[in-house]
1. So between N540 and E267, what do we pick up on full extension, going 0.36 nm a residue minus the alpha carbon distance?
2. What number comes out for accessible area per residue over the stretch 478-570 if the probe is 1.4 Å? Units Å², please.
3. If you bin the C-alpha pair distances of the stretch 491-532 every 5 Å from 0, what whole percents do you get?
4. What is the spin-label model distance, in nm, from L554 to R340 if the labels are put 7 Å beyond Cα along the C-beta direction?
5. Which is farthest toward the positive dipole end of the stretch 444-539 among G481, G503, W523, measuring Cα position about the Cα centre, with Cβ charges +1 (Lys, Arg) and -1 (Asp, Glu)?
6. For every other residue with a beta carbon closer than 13 angstrom to the beta carbon of A542, add +1 if it is Lys or Arg and -1 if Asp or Glu, then tell me the sum.
7. For the residue pair K443 and R109, what label-to-label distance in nm results when each label sits 7 Å from Cα along the Cα-to-beta-carbon direction?
8. Please give me the summed charge of the neighbours of R202: other residues whose Cβ is under 12 Å from its Cβ, Lys and Arg +1, Asp and Glu -1.
Amino acid sequence: MTIATGSRLGPYEVVSPIGAGGMGEVYRARDPRLGRDVAIKVLPASFSADPDRLRRFEQEARAAGVLNHPNLTAVYDVGEHEGSPYVVTELLEGETLGKRLAAGALPPRKATDVAIQIAHGLAAAHEKGIVHRDLKPENLFLVRDGRVKILDFGLAKLVRREDDAQKTSAPTVSPGTEPGVVLGTVGYMSPEQVKGQAADHRSDIFSLGAILYEMLAGRRAFQRDTAAETMTAILNEDPPVLSESGVKAAPGVERIVQHCLEKNPSERFQSASDLAFDLQTLSSGTVAAPAETARTFPRRLWIAAGGAALLAIYSAALFWAGYRTRSQPAPDFQQLTFRRGLVGQARFAPDGQTVVYAAAWDGKPIAVYSTRAGSIGSSAFELPSAAILAIGPAGQMALQLGGHATEPYVTSGTLAESPLTGAESPREILQGVQWADWSPDGKTIAVVRDVGGRNRLESPLGKVLFETPGWIGDPRFSPSGDSIAFVSHWTRSGDMGAVMLVGKDGKPKTLSEGWSSLQGLAWRPDGREIWFTATKSGGNRALQAVDLAGRLRLAYRQGGSLTLQDISSQ
């Protein structure tokens, strides 16, 4: 039905029609109570003819209304007009992705950004137990300010009853035979939807993979002449390889698309947050893949968690607040993890926003995870009994495999290298390594290991820069790469010691000494100071800063004990 301009739907005054489709007609309307314009989608009257369908519509609309995410269209209200239910949402200015794709493929960077935003929106909805089931370019809206909004969340599955005799699970499949009518949705269906099986959140991930393929290639992943042929292709065929079709897409993007389009749901990304993380790190120059858990927690990581054993961990890493005057601002912290357990070592990836860390959450085994500033969750890496030691400029991880405690504060294991993609098994480099760090150019690695009863700092491997009968911790290359800062502990049984610096000439320099509970060290990005966490009074560890001349200052103190993990390059 068509609603005339000036008509009222409940408290809303219709201003003008916006469009129409299989889900109903959409109107621009005015809410005089709040003085804002809204969009109203009036659904077919057939909804009200089926009480069960109407009840489920109301339930789903209310569920969608509780979602609050920048990539999901906000649902304000539901109502009924002359027997037809309607949904009131925020009014968006821009165009659908379907309309944009009619002009051809998107630039790879733009396509990746759009996919990231979609994945974030899906992750937020999936976390609330809401699955879209009809994700397609026509249900994705490109707002003029650059945001991407997912439309019709929680409503699409209601268009066709789950017990429909055709059992296609295709939310907007038309009974018509004209290819142009049905392919808009059929082309994005997951294999389980084609088979009429239950479709969970991984079905949305398949659909997003098909959309990302189309954004890059300028054509649908499963483009066929009829609906039947399209469904057959979804079940049995892979889309043409992007790189072999003349599409300029990074290898990492193609891997992500292929992972989304796996026929078996268990072989796809298992969460939209994993997919979002993979896309984000790829767009920033590094790539990470989701995985499972590691099996052991090296003892040093338990010690690093300190007094947080029975509390939630409030921050996985430290962000640099800047250094502009002698009156420095306090460091800026952002909470990255929200679970009970222990956090071990953490490092920033080269993009300055992605954080890789080890943790044992909720009584579960240790695993290596990745997260980002502003993210609502973490992705686990599939690494065998691994701890993160360092991340190089090209995204290469230095790992400690099979770590085991050799002293109260010392854990030894096999040094290995692995890309953040997780696509390759770790390459073992050297046994008996306790710490490691990459040089800024990624060509040299510094390690700490025992040789002949003494603890050595070596860089490159085999060249001894410093050794002690005690233990060395937290070796970190300077931003310029010409020196290494580290902490030197006097005995193997304690963590009292000094902050030291050594250049390539092997001449060590003590910058600050007499510290107890000395754990955690990193360079400030401009190279003017070295930050570390320690105490001299026997109280909680606080954040200290020392410059290259040995001048000391207190950078930050709080009620609990701090352990510095890393400082963002930003």
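1. Stretched fully, the N540-E267 segment lengthens by 93.7 nm.
2. 41 Å²
3. Bins of 5 Å from zero give 5, 19, 25, 27, 16, 7, 1 percent of pairs.
4. 3.3 nm
5. G503
6. +4
7. 2.8 nm
8. Values: positive: R133, K263, R268; negative: E192, D200, D204, E262, E267, D274.
After counting each charged neighbour, the total is -3.
The values are calculated or read from the model by the stated rules, or taken from the named source; none is laboratory data. Worth saying up front: this structure is predicted, and the values here are computed from it rather than measured. Positions of Cβ are generated from backbone atoms using ideal geometry, with glycine treated the same way; all protein chains shown enter the neighbour counts. Side chains included, ligands, DNA and RNA excluded: accessible areas come from the protein's heavy atoms. Shrake-Rupley method; radii C 1.70, N 1.55, O 1.52, S 1.80 Å.
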